[in-house]
1. Quick one: count up the residues across region B:237-256 that are touching a Phe, Trp or Tyr at 6+ places or on another chain (Cβ under 6 Å) and open to solvent by 10 Å² or more (accessible area, probe 1.4 Å).
2. Look at region B:450-462 and say how many of its residues are of a type in the set (S, T, Y) and more than 25 Å from the chain's Cα centre (by Cα).
3. Please name all residue pairs, on different chains or six or more residues apart, with Cβ atoms under 7 Å, provided the first residue is in region B:98-112 and is touching a residue at least 24 places away in the same chain (Cβ under 8 Å) and outside the structural domain of B:N20 (by TED's automatic domain parsing) and the second residue is assigned to a helix (DSSP H, G or I) and aliphatic (A, V, I, L, M).
4. Just to check your reading of the model, which residue among B:F213, B:F228, B:F162, B:F198 is part of a helix (DSSP H, G or I) and loosely packed, with under 15 Cβ neighbours inside 10 Å?
5. Among what's in region B:349-388 and is assigned to a helix (DSSP H, G or I) and open to solvent by 10 Å² or more (accessible area, probe 1.4 Å), pick the residue that is modelled with the highest pLDDT.
6. Given the conditions (1) in a helix (DSSP H, G or I); (2) open to solvent by 10 Å² or more (accessible area, probe 1.4 Å); (3) farther than 22 Å from B:V200 by Cβ, and given that B:D172 satisfies all but one, which numbered condition is not satisfied?
7. So, of the residues in region A:29-49 that are away from chain B (no Cβ under 14 Å) and of a type outside the set (A, V, I, L, M, F, W, C), which turns out to be nearest to the chain's Cα centre (by Cα)?
8. Filter region B:409-436 down to the residues that are touching a residue at least 60 places away in the same chain (Cβ under 8 Å), among the hydrophobic types (A, V, I, L, M, F, W, C) and in a helix (DSSP H, G or I) and list them by number.
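The values are calculated or read from the model by the stated rules, or taken from the named source; none is laboratory data. Fair warning: this is a prediction, and the values are worked out from it, not measured in the lab. Cβ sites come from the backbone with ideal geometry, for glycine too, and all protein chains shown count toward neighbours. When the accessible area is computed, the model is the full protein with side chains, heavy atoms only, and any ligands, DNA or RNA have been set aside. Shrake-Rupley method; radii C 1.70, N 1.55, O 1.52, S 1.80 Å.
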Amino acid sequence: MTAVPTSWFLLLSAILFVIGAGGVLLRRNVLIMLMSVEMMMNAVNLTFIALSRHLSSLTGQIFVFMVMAVAAVEVAVGLAILIELNRLRATTDVDDVSSLKG
Amino acid sequence: MIIQSIWLAIAFPLAGLLFNGLLGRRLGRGVVGIVGPGTVALAFVVGLFAGLDLLALPAQDRAIVVTLWNWISVGSFRAGMSLLADPLSVLMVLVVTGVGFLIHVYSIGYMEHEEDRLYARFFTFLNLFIVSMLILVLADNYLLMYVGWELVGVCSYLLIGFWFRRGDDPQDPVRLKDGELVPVPANLNPADSGKKAFIVNRVGDFGFALGVFLIWTTFGTLNFADVFGAAPEIASGTVTVITLLLFVGAVGKSAQLPLYVWLPDAMAGPTPVSALIHAATMVTAGVYMVARSHALYALAPTTSLVVALVGVITALYAATIALVQTDLKRVLAYSTISQLGYMFLAVGVGAYASGMFHLTTHAFFKALLFLAAGSVMHALGDVIDIRRMGGLRQKMPRTYWTFVIGALALAGFPLTSGFFSKDEILAKAFEFSPILWALGLLTALLTGFYTFRALFVAFWGSARDQELFDHAHESPGVMTWPLILLAGLALFGGILGLPQILGVDHALAGWLHPAFADLEGEGAEAIHHGLSAGLEWGLLGLSSVIALLGIGLAYWFYVANPGWPADLAVRFKSVFKLLVNKYYVDDLYDLLFVDPGKALARFCAQGIDNAAIDGIIDGGARLIVQGGAWLGRLQTGFIRHYALAMFLGVIVVVAYFFLR
C-alpha cells in the first residue's frame, strides 16, 4: 500500500488554515470565531504531524500535545468570556461589543 | 556713649514697623497710634544724644563709624553694614525723626476716618519710611546708601498709592472772563501716581547705580572715607562723570528738571505723606547726597555748574507753574520743587552748609504748610480746590495762623526761618554769579506771590461754596498741636543760621563745619563770605523787599482788585493756558516715552507673548491632540480589524523573510 505523500497533508493543512483564518476574519458570531481559531490550530497540528512522519522525528508530535493543551485552555477562557458576554449584552455578535475604541 | 549705639535710631522705628505690621490690626488703633509715633520719638531722642556726644568730641574726631556686621565680602569687594555718625548725618537724623514725629502725631487725627486695617497699614508704611530714610542718611558707604535710596522710593510708591482704589480726580475747568472754559488736566488716580513716581525715579536711580559702579571700578571701594580720601588723585574727567551720574539720581529723587513730573502727582497720597516724604525729607535726599559727596563735587566744577544751573532753572520753572495751580496741595508741590531747586543752587555753588540750612528750614515750613493744607482738607471733606474755599480764617483760626507763618517763611518774609536760609543761598549765588542770583531773586518774587495767592484765595474773602463753608470746622488738637510746634520752628528756625553781619555765630554752619572741613573756605569762620558788609546788607534788604513785594502783589491782585487775575488771564490767554497745562511737559512725556512704552508693552504682550510664544506652545499641544485623535481612529473596537491587521502583519513579516 502506498503511503499518502506528505505534500497532500501539507496542502490539506493549508486549506484548513485558510478556512479557519477566513472564519476568524469574516464571521461575527463569537462561537464560530472560536471554532475557526480551533481549526487554524488543528491545521498547524496536522502540519506538525505530517512533517514528523516525513522526518521520522517525534519532536513534532510532542509539540502537538502542547498545542492541544493550550487549545483546551484557550477554549475554556474563550467560552467563559462568551457566556459572560451573552449574559451581559444578550448577544454573541462581536460587532456589538465595539465600545473600546478611539 | 550713645553714639556707638546710633543703630538704635533705626532699630526703634523698625520695631514699630514690625509691631504695627504684624499685630497692629488686632490691637486696635489706640496701640498703633502710640507705637507708631512713639518709636519715632525714641529715634529722635537717640539722635539728640548722639548729637550731644558729637559735641563732646574734639572737632576733627566728629565722625564715628559704627560697624554692625560685615554685609558683603566677595573677592576684594567689601560692603559693611556700618553707619556713619557725623554732624551732617546727625542733622539729617534729627530733621527726619523730629519732623517725622510731629507728622506721625498729626496722622493720628488725619487718618481717624480710615478702617482699623488701613490705619495700621498707614503707620506701618510711615515707620518703614523712617527706617529707610535713616539707613540712607546714616550709611557709611554708597551701597548701603543706595539700599536706603531705593527703600525710600518703595515707601514713596506704597504711600502715594495708599488709596489705590480711588479713581481719577477730574478738576473743574477755569472760566475766563470772556466765557471761555480752560480745561484743567485731571489729577491722576493714586495707583497711577504711585507707578509714575516709581518709574520716573527708576530713571534717576539708574544713573545713581551707574555712578556707584563707576566709583567701584575707579576707587575699588564704596566707603565714603576711602573714596573721598582717594578722590584728589583721580583724573578730573572721571570724577566729573561720577558726579554727573550721581546727580542724575539726585534729579530723580529730588524732583528737578527734567524728572520732576512725579512730584505733583505724588499729591494723590494722604497729606501727611506729602508733608513728610514729598516735602520735608525724602525729596531732600538728593541734596543730602550731593552734600555728603561734596569732596567729589568740589573736584568737578563742571558738574557743580550743572547742579547750580539745573537748580536755579527748576526753581524758576516750578514757581511759574505754581502761579496758576488751583489745587492747594499742587501749589505747595510746585513750591517744593522750586525750593529744592534753591538747595541745588546752593550745593552747586559750593555752599553746602547753606544748602543744608535751607533743607532744614524748608522741612519745617513746608511740612507745616502741607499739614495745614491737610487740616483744611480734613475740615472740608477732602476738597482741595482753592476756588471752592474762601473765608476759612474765621472757621479755622489755628490752621489759618499756622498757615500764615508757613507762608511767610516760604515767601522769605524778614526774620522768619526761610528768609535767612534763602538769603544765604542768594548771597552765595551772587558771589558765584550775579545771573544765578538774579534768577533766584525772580523766583523769590514769584514764591511770595503764589504762596500768598493761595493763602488769600483759600482763607480770606467770603465763602465761595456756602455748603462747604458751613461744614468746615477746626481740626482736633492732635492735628493742630503739631502745626503749632512746626509754626514755632518755621518762625524761629532762622536762629540756626543767623547771618554773620548781625554779629552772631552761624550755629548750623559751625555744627556742620567738621563734616565740610576738607573744603577750603567753608564753615563757621568762612560763612562770612567774600562780600563786603555793605553789599551783604544790600542783598539782605533787597531780599526783604522782594519778599514783601511778592506778598504785596498777591494782596493787590487777589484782595484789593480781585478782578485783575481774570483780566490778565484773558489778555495773556496763551501764556495762561501754557501754565495751566504745566508747559505740556506731561503730555510731551506721554507722547515721547509713555505711549511708545505702552505700545512696546502691548507689542510684547500681544505680538510676542500671545502670538509667538503662546502660538508655539499651543500649536505643539494642538498638533499632539490632533495627531492623537487621528491615530485613535485606527482603534475601531472591531476585533475583525485587529485580526486582519495581525494577519497582514504576519504576511508582511513572512514575505520579508522569504524574499530577503
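1. 0
2. Of the residues in that region, 1 qualify.
3. From residues that are touching a residue at least 24 places away in the same chain (Cβ under 8 Å) and outside the structural domain of B:N20 (by TED's automatic domain parsing), there are no pairs.
4. Details: B:F228 fails: loosely packed, with under 15 Cβ neighbours inside 10 Å; B:F162 fails: loosely packed, with under 15 Cβ neighbours inside 10 Å; B:F198 fails: loosely packed, with under 15 Cβ neighbours inside 10 Å.
Checking each option against the conditions leaves just B:F213.
5. B:F364
6. (1)
7. In this case the residue turns out to be A:E38.
8. Across region B:409-436, the qualifying residues are B:A409, B:L410, B:A411, B:F419, B:F420, B:I425, B:L426, B:A427, B:A429, B:F430, B:F432, B:L436.
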